[in-house]
Amino acid sequence: MLKNNKYVSYLLVLVFVLMLNFWLPRFLPGGPVEYITGGGEEGVVFLSEAQKAAMLEYYHLDDSLGVQFWKYMKGMFTFDFGLSITHKAPVSDVIIDRLPWTLLIVGLASMFSILIGLLIGLYSAWRFPGKTDRSLFLSMLSLSTIPEFLLGMVLLIAMAVKLQWFPLSGAKTAFFRSDLWWVHALDITKHAVLPALTLTIGSIAGLYLLMRNEAIRVRNESYIEFASAKGVGSQGIIFTHIARNAALPLVTMIVIRMGGLLAGSVLVETVFAYPGIGKLLQEAIMGRNYPLLHGLFLMMTLFVLVLNFIADMIYPRLDPRIRAAARRGELE
């Protein structure tokens with residue numbers, strides 16, 4: 001019964017997002033034609049009236065909203081998003097071309113933010129209450145208030161402009177030639193460092209706070225005192241007892257935050273002009289590129305839903321109490 005309810009909730013969320021995906025872009029002022037013709041400014045014309053009419057007809061923008069919605073839903077379920085208005089290429093091809101760059105920086109940011117955030121949170125909880133814990137807590141709390149775009153701009157000015165350690169923008173150096181694969185890999189890595197570092201720093205504070213609070217709760221449990229009384233060393237208590245039990249409730253939040261990193265990449269990729277999904281989404285919004293917006297929003301929604309589904313599947317396997325409660329719910 002519980003599993004059925006879970007699947008229904010996922011389906012309802014997907015249907016709601018599909019509805020929102022159609023209407024939100026159309027609430028923006030202007031449209032694709034106005035963008036291409038210079039934002040509707042008087043005297044700026046790039047398309048003839050015949051070309052405008054042909055474009056409206058091709059993208060079904062001259063149909064009623066009901067007809068547009070029907071064709072939109074048909075395209076969503078068949079994954080046929082049509083041609084991107086500005087790129088003149090299939091939406092799926094445009095997304096697939098940009099996706100690896102975002103997966104690179106989001107993957108690096110996820111790995112390092114989880115590792116650093118959880119370790120610092122665990123150390124802070126072990127030092128609770130004390131000056132070390134208070135200093136870390138206040139520092140991370142202050143860090144969590146800094147917007148990612150501001151953090152990215154500071155890193156860009158400091159490390160790319162002033163120190164010139166990293167490139168200013170892009171994912172790789174234009175017209176760069178080399179027969180050695182590792183030279184190209186190094187060039188791509190240099191371009192990815194600042195966007196990935198920005199996402200990492202922006203995510204550490206949240207993971208730290210989650211781990212710290214959960215580890216402090218676990219530390220006060222009676223079995224921790226019992227382990228200490230038995231003579232178990234500090235490292236054994238921290239990593240075997242506290243870390244293992246505190247990490248269980250964090251699995252869901254960690255997986256969900258990976259979806260949040262994908263959303264956060266929009267601002268970060270815009271700051272660094274990094275050609276990933278986030279920058280593509282910003283371009284699609286500015287250009288009122290309806291087909292591309294539909295494809296991007298659906299991809300991001302499915303990504304988040306899949307991550308939530310994975311978390312729901314993993315959590316009961318890690319915690320026997322959740323698994324037993326689920327079985328009781330099924331029997332009822």
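The values are calculated or read from the model by the stated rules, or taken from the named source; none is laboratory data. Given the structure is predicted, the values throughout are model-derived calculations rather than measurements. All Cβ positions, even for glycine, are placed from backbone atoms using ideal geometry, and neighbour counts span all protein chains on display.
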### Task
Being acidic (Asp, Glu) and either outside any helix (DSSP H, G or I) or more than 18 Å from Leu118 (Cβ to Cβ) (or both) is the filter; apply it to region 200-230 and report the residue that is modelled with the highest pLDDT.
Glu221
### Message
Whether any residue in region 35-50 is farther than 29 Å from Leu262 by Cα, modelled with pLDDT of 75 or more and not acidic (Asp, Glu) is what I want to check.
### Response
yes
### Message
If the requirement is being modelled with pLDDT of 75 or more, out of contact with any Cys (no Cβ under 7 Å at 6 or more places or on another chain), within 30 Å of Leu65 (Cα to Cα) and of a type in the set (A, V, I, L, M, F, W, C), which of these qualifies: Leu262, Leu280?
### Response
Leu280
### Task
Could you please find all residues in region 58-79 being in contact with a helix residue (DSSP H, G or I) (Cβ under 8 Å, 6 or more places away or on another chain) and assigned to a loop (DSSP other than H, G, I, E, B)?
Tyr59, His60, Leu61, Asp62, Asp63, Phe79
### Task
Please indicate, with yes or no, whether at least one residue in region 290-307 is more than 30 Å from Val8 (Cβ to Cβ), of a type outside the set (A, V, I, L, M, F, W, C) and buried (at least 18 other Cβ atoms within 10 Å of the Cβ).
no
### Message
Testing Thr102 on (1) over 28 Å from Arg212 (Cα atoms); (2) free of Cβ contacts under 8 Å to residues at least 40 places away in the same chain; (3) hydroxyl-bearing (Ser, Thr, Tyr), one condition comes back false. Which one is that?
### Response
(2)
### Summary
Checking Asp80, Asp93 in turn, the sole residue that is surrounded by 14 or more Cβ atoms within 10 Å (Cβ to Cβ) and without any contact (Cβ under 8 Å) to a residue 12 or more places away in the chain turns out to be Asp80
### Message
Which of the numbered conditions does Lys172 fail, given that it passes all the others? Conditions: (1) in contact with a helix residue (DSSP H, G or I) (Cβ under 7 Å, 6 or more places away or on another chain); (2) at pLDDT 85 or above; (3) of a type outside the set (Gly, Ala, Ser).
### Response
(2)
### Checklist (1) surrounded by fewer than 15 Cβ atoms within 10 Å (Cβ to Cβ); (2) part of a helix (DSSP H, G or I); (3) at pLDDT 85 or above applied to Leu197, failing item
(1)
### Task
Return the total of residues in region 121-175 being without any contact (Cβ under 8 Å) to a residue 40 or more places away in the chain, of a type in the set (Ser, Thr, Tyr) and either closer than 16 Å to Leu209 by Cβ or in a helix (DSSP H, G or I) (or both).
6
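Condition first: under 30 Å from Leu20 (Cβ atoms) and β-branched (Val, Ile, Thr). Can you find one or more residues in region 123-143 that meet it?
No: zero hits.
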### Task
From Ser64, Ser135, Ser142, grab the single residue that is polar (S, T, N, Q) and within 13 Å of Ile204 (Cβ to Cβ).
Ser142
### Query
For residues in region 109-118 being surrounded by fewer than 19 Cβ atoms within 10 Å (Cβ to Cβ) and in contact (Cβ under 8 Å) with a residue 60 or more places away in the chain, which is nearest to the chain's Cα centre (by Cα)?
Phe112
### Summary
Per the list (1) under 30 Å from Asn245 (Cα atoms); (2) within 21 Å of the chain's Cα centre (by Cα); (3) of a type in the set (Asp, Glu), residue check on Asp133 breaks on (2)
### Query
From the set of residues in region 176-194 that are assigned to a helix (DSSP H, G or I) and small (Gly, Ala, Ser), which is modelled with the highest pLDDT?
Ala192
### Task
All but one of (1) out of contact with any Phe, Trp or Tyr (no Cβ under 8 Å at 6 or more places or on another chain); (2) over 24 Å from Ile277 (Cα atoms); (3) among the polar types (S, T, N, Q) hold for Ser124, so report the exception by its number.
(1)
